[in-house]
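Below: one structure, written as structure tokens.
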Amino acid sequence: RALEQQEKEAVVQHDLTPTKAGLTMGEVIHQINQYKADDAVLVTDVGQHQMIAWRYFNYKKTRTQVTSGGLGTMGFALPAALGAQLHDYSRQVICVVGDGGIQMTIQELGTIMQTKAPVKIVLLNNNYLGMVRQWQQLFFDNRYSFVELQNPDFITIAKGFGIASHTVSDRAELSDSLDTLLNSDKPYLLEIVCEKE
């Protein structure tokens, strides 16, 4: 219990209730819990967002977790979320993906468009290959190599596939944006601009 308290003070409180200006992945997942269905299926890609999502997503039912585990399969989330949604159109399927991973299988937006699968895509965009950058920070003395991303306009891409979407980077707009996303009866992509570190 003492170690748990230390962890809360050192890590959890900064993730869930940050004092810095930018959004954290932790607070995003924490707020998703307020709007998601009890039997919502969480599908994650690979990276920092995966670890944060698994840490803070509030699971209430079994058989609601889909991930590639430790296999490091970037690009897994979008097609896996589509598969989960095609299995049951009545379930809320939430795809949490990073800006690096979504670009590996972004063409699946076309299949989502054709099948009208109401997948809820939460794109946590920090403009980095975040996990790789974190390892370079921690173990290679901040010698960053090929981790900063020059991303496309994800909103324009989603709209090109007829998928409703918008971007949020302001904490004051996060709650309403998540409410819009999770209460939509159609596919939706919400790009959330997060802190780089």
Open item on the list: Can you say whether L82 is under 21 Å from S177 (Cβ atoms), open to solvent by less than 80 Å² (accessible area, probe 1.4 Å) and of a type outside the set (D, E, K, R), as far as the supplied structure shows?
Closed with: no
Open item on the list: For a quick check of your reading of the model, give me the residue pairs whose first member lies in segment 20-48 and is in contact (Cβ under 8 Å) with a residue 40 or more places away in the chain and under 18 Å from D179 (Cβ atoms), whose second is of a type in the set (D, E) and in a loop (DSSP other than H, G, I, E, B), with beta-carbon atoms closer than 7 Å and at least 6 apart or on different chains.
Closed with: L23/E195
Open item on the list: Among the numbered criteria (1) open to solvent by 10 Å² or more (accessible area, probe 1.4 Å); (2) over 19 Å from W54 (Cα atoms); (3) at pLDDT below 95, which one does T167 miss?
Closed with: (3)
- [ ] Considering every residue within segment 72-79, establish whether at least one is touching a residue at least 12 places away in the same chain (Cβ under 8 Å), of a type in the set (G, A, S) and surrounded by fewer than 19 Cβ atoms within 10 Å (Cβ to Cβ).
- [x] yes
Task: Matching residues in segment 34-71 - criterion: being open to solvent by less than 50 Å² (accessible area, probe 1.4 Å) and charged (D, E, K, R) - done: K36, D45
- [ ] Go through segment 17-58 residue by residue and tally those that are farther than 29 Å from M104 by Cα and not small (G, A, S).
- [x] 6
- [ ] With the condition kept exactly as written, say whether any residue in segment 30-39 is over 24 Å from C194 (Cα atoms), among the β-branched types (V, I, T) and at pLDDT 95 or above.
- [x] no
Open item on the list: Quick check on segment 1-23: of everything there that is modelled with pLDDT under 90 and part of a loop (DSSP other than H, G, I, E, B), which residue is surrounded by the fewest Cβ atoms within 10 Å (Cβ to Cβ)?
Closed with: T19
Open item on the list: Of the residues L129, L138, only one is closer than 26 Å to T73 by Cβ, open to solvent by less than 50 Å² (accessible area, probe 1.4 Å) and at pLDDT below 95; which?
Closed with: L129
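The values are calculated or read from the model by the stated rules, or taken from the named source; none is laboratory data. All figures in this text were calculated on a predicted structure; none of them were measured in a lab. For neighbour counting, all protein chains shown are included, and Cβ atoms are generated from backbone atoms with ideal geometry for every residue, glycine included. Ligands, DNA and RNA are excluded from the accessible area calculation, which covers all protein heavy atoms including side chains. Shrake-Rupley method; radii C 1.70, N 1.55, O 1.52, S 1.80 Å.
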